[in-house]
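This report refers to the structure that appears directly beneath it.
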Amino acid sequence: MKITADDVTVGELLGQRFLVIPRFQRPYSWNRGEVEEFWIDTCTLREADYFIGSVVLYKSGSDELGIVDGQQRITTVTILLCALRDAFEDEGAGDLAKGLHQLIERIDITSRKRLVLRTQTSYPYLQVAIQSNDEEDEEEVFAASPEEELIQEAHLFLRNRIAEVVADAKRDAGKTVKSKKRAARQALETIRARVLSLNIIVALLENEEDAYLIFETLNTRGKNLSPVDLVRTHITRLIPPNNRTTDRPKERFEGILQRFAESDSELDPKDFLLHYWLSTHEYTSRARIFKEVKRTVKTKDAARKLLDSLETNGKLYLRIAEPDNYERNRSERPITRCLTSLNAVQFKQSTPFILSVVRSFEDKHLKLRRAVEALSAVENFHTIFSAVTSQPASGGISQMYALHARKLSQAKTDSGRDAAVDSLVEKLRQKLPVFEEFQANFEQVLFFRTKHRPKGTPKPQARLARYLLEKYTNHIASGVNLKASDLTVEHLLPQSAHRKSVPMSIIGQLGNLLLVTEELNEELGDKSFAEKAAILKSSHVPMDDLLTSFIESGRMSPSDVRARTAEMARVGYSTIWKL
């Protein structure tokens, strides 16, 4: 590999070559804070011979260089020059605007107008809305992606800062129009001189193959690119664009990321990539996943299959996170209920297996009954193992899920898929804590307003307590699934009772809780248990036998709360969350 290095200025770099941001680069990502810092460093506080770092380029054509490293800085410089050009034009300095535009767009050797910096990721917004100064170009474009919105924000910020410099210059100038115009022109020329004299070290590579290698090396040794960025680079390297203006492979990959960005859940594409890979391939870690992808995916066909699979599984991953938004018909309601419950438990290590189950169901390889059994087993296990008893997670559990996810994905027959599910369920049973440990921890799951928490009382776990209460209520309601969004949690012994020597560790226990409608909750208010019992007798709220006996008697003591909590734990362990 041959690398040459040279010390140049921004003016020399943009004035002598055409630059292209290649397909394997990630989109423009500088936020306002980073653009502001760049403006201050380069145009406000800088001294002479200011150095803005090194860039790595490669020969992409006879007069074109591709950008390996330095994309964000070069793009920001170009946006700044566009804002400066427009400011010259606004101040009546058309000659200077035209001259500066030569560093943005100029005639090449074939007599064609050509942008000095060409990018394939933000087309056509950057080109049409910012770089172009063609008055005949009436095409109206809008920032249609997160990248383009950042470009728009950077351009607006830099335009406003330049406008402030011009306004200050005019304010300090004489009273005549001519003196103000001269001051504005001089201020803009000063900014131009500062930008074009910025120093850069250019490391030049001979070809695109070397560029890919350097890009991967730079970004697996400390640069701020994720495995997702590197996988995108690898895929677009193996699959060429359709033509000069259309790059469907890259657009499809960006579409996957866009769907995650627009989702209601806070999904991390890095998690998705790892979980997808573990559901279909040999076990690996997040740090090594790109190496595994590169080792496994070596041809155009393999890259296409990977891209197809990432698209399909990305949609399934969203369904797992947001089941209510992706249900297509009532027959899938049991799957939706399972996924909703699993989200309440929240245990990421099981996601590869969950993804494998949902994928097998979608592909009609796994019957609804078996899919529900598999998902319920994961939910039940982690309710006991993780949510209630807080057992320490280990790499062994993660590998166990990945192994069975892969077995399920690779099985060719119904019996093979059944065996994969049954094997996992048996492994989960072997890892279950004993009932006594579950019961002891179940009693510590509390629900009350934090402001009522006395010193020494365990922290309330509202999300978990509500989930456990909903599952228990559905069970005693003979399988009728209640709409949780329509119900609120009622404390049978009111929260104010802690002022009468009833500890919050009793008031917050699950045995003191009941799900009721909002209207009934308001009616019950902060009444005593006896008053509440009189109202609840005529309600249709699902209640277990023990609570019914308390309601009938009109009395409920702290020991009664403990007894009901213990009974709820017994029913939960032996029936509701039984594997």
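Computed values, structure above
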item: Hey, LEU65 in a loop (DSSP other than H, G, I, E, B), within 19 Å of ILE201 (Cα to Cα) and not acidic (Asp, Glu) or not; result: no
item: Test for GLU519: is it within 18 Å of THR473 (Cβ to Cβ), at pLDDT below 95, open to solvent by 20 Å² or more (accessible area, probe 1.4 Å) and in a helix (DSSP H, G or I); result: yes
item: Restricting the range 420-436 to residues that are of a type in the set (A, V, I, L, M, F, W, C) and in contact (Cβ under 8 Å) with a residue 12 or more places away in the chain, the residue that is farthest from PHE385 (Cα to Cα); result: ALA420
item: Residue within the range 252-265 that is small (Gly, Ala, Ser), more than 25 Å from ARG237 (Cα to Cα) and either touching a Phe, Trp or Tyr at 6+ places or on another chain (Cβ under 6 Å) or open to solvent by 40 Å² or more (accessible area, probe 1.4 Å) (or both) present; result: no
item: Number of the condition not met by ALA97 [criteria: (1) among the hydrophobic types (A, V, I, L, M, F, W, C); (2) more than 30 Å from LEU230 (Cα to Cα); (3) within 29 Å of the chain's Cα centre (by Cα)]; result: (3)
item: Residues satisfying the stated conditions in the range 1-44, i.e. more than 21 Å from LEU115 (Cβ to Cβ), part of a loop (DSSP other than H, G, I, E, B) and not basic (Lys, Arg); result: MET1, ASN31
item: Contacts under 8 angstrom Cβ, first residue in the range 61-87 being under 14 Å from THR42 (Cβ atoms), partner among the polar types (S, T, N, Q) and in a loop (DSSP other than H, G, I, E, B), 6 or more apart; result: GLN72/SER29
item: Residue selected from the range 172-205 under the condition among the β-branched types (Val, Ile, Thr) and in contact with a strand residue (DSSP E or B) (Cβ under 7 Å, 6 or more places away or on another chain), by the criterion surrounded by the most Cβ atoms within 10 Å (Cβ to Cβ); result: ILE200
item: Selected residue (only one of MET568, MET543, MET504 is hydrophobic (A, V, I, L, M, F, W, C), in contact with a His (Cβ under 6 Å, 6 or more places away or on another chain) and either under 25 Å from GLN439 (Cα atoms) or exposed (fewer than 15 other Cβ atoms within 10 Å of the Cβ) (or both)); result: MET504
item: Residue ID - most open to solvent (accessible area, probe 1.4 Å), chosen from residues in the range 522-532 that are of a type outside the set (A, V, I, L, M) and in a helix (DSSP H, G or I); result: GLU522
item: Any chance SER485 is modelled with pLDDT of 95 or more, among the hydroxyl-bearing types (Ser, Thr, Tyr), out of contact with any Pro (no Cβ under 9 Å at 6 or more places or on another chain) and in a helix (DSSP H, G or I); result: no
item: Selection within the range 202-221 - modelled with pLDDT of 65 or more and hydrophobic (A, V, I, L, M, F, W, C); result: VAL202, ALA203, LEU204, LEU205, ALA211, LEU213, ILE214, PHE215
item: Residue among ILE551, ILE535 that alone is surrounded by 21 or more Cβ atoms within 10 Å (Cβ to Cβ) and part of a helix (DSSP H, G or I); result: ILE551
item: Selection from the range 153-171 of residues that are under 31 Å from the mean Cα position of the chain (by Cα) and open to solvent by less than 40 Å² (accessible area, probe 1.4 Å); result: ALA154, HIS155, PHE157, LEU158
item: Residue identified as among the aliphatic types (A, V, I, L, M) and farther than 22 Å from LEU446 by Cα among ALA534, ALA563; result: ALA534
item: Number of positions in the range 554-565 that are in a helix (DSSP H, G or I), open to solvent by less than 50 Å² (accessible area, probe 1.4 Å) and of a type outside the set (A, V, I, L, M); result: 4
item: Condition broken by SER394, with the remaining ones in (1) open to solvent by 40 Å² or more (accessible area, probe 1.4 Å); (2) over 26 Å from the mean Cα position of the chain (by Cα); (3) closer than 26 Å to ILE576 by Cα satisfied; result: (2)
item: ASN224 being open to solvent by 20 Å² or more (accessible area, probe 1.4 Å) and at pLDDT 65 or above; result: no
item: Residue satisfying condition, being open to solvent by less than 50 Å² (accessible area, probe 1.4 Å) and closer than 24 Å to ARG185 by Cβ, within set LEU57, LEU115, LEU100, LEU65; result: LEU100
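Yes or no, residue by residue, for (1) touching a strand residue (DSSP E or B) at 6+ places or on another chain (Cβ under 7 Å); (2) open to solvent by 30 Å² or more (accessible area, probe 1.4 Å); (3) among the hydrophobic types (A, V, I, L, M, F, W, C); (4) under 21 Å from VAL228 (Cβ atoms):
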{"residue": "THR296", "(1), (2), (3), (4)": "no, yes, no, yes"}
{"residue": "LEU307", "(1), (2), (3), (4)": "no, no, yes, yes"}
{"residue": "LEU310", "(1), (2), (3), (4)": "no, no, yes, yes"}
{"residue": "LEU318", "(1), (2), (3), (4)": "no, no, yes, yes"}
{"residue": "ARG328", "(1), (2), (3), (4)": "no, yes, no, no"}
{"residue": "THR336", "(1), (2), (3), (4)": "no, no, no, no"}
{"residue": "THR351", "(1), (2), (3), (4)": "no, no, no, yes"}
{"residue": "VAL357", "(1), (2), (3), (4)": "no, no, yes, no"}
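Here's the yes/no breakdown for (1) surrounded by fewer than 20 Cβ atoms within 10 Å (Cβ to Cβ); (2) modelled with pLDDT under 95:
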{"site": "SER390", "(1), (2)": "yes, yes"}
{"site": "GLN399", "(1), (2)": "yes, yes"}
{"site": "GLU426", "(1), (2)": "yes, no"}
{"site": "PHE435", "(1), (2)": "yes, no"}
{"site": "PHE438", "(1), (2)": "no, no"}
{"site": "ASN441", "(1), (2)": "yes, no"}
{"site": "GLN461", "(1), (2)": "yes, yes"}
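The values are calculated or read from the model by the stated rules, or taken from the named source; none is laboratory data. Since we're looking at a predicted model, the values are computed, not measured. Glycine also receives a Cβ, built like all others from the backbone with ideal geometry; neighbour counts cover every protein chain displayed. Heavy atoms of the whole protein, side chains included, go into the accessibility calculation; ligands, DNA and RNA do not. Shrake-Rupley method; radii C 1.70, N 1.55, O 1.52, S 1.80 Å.
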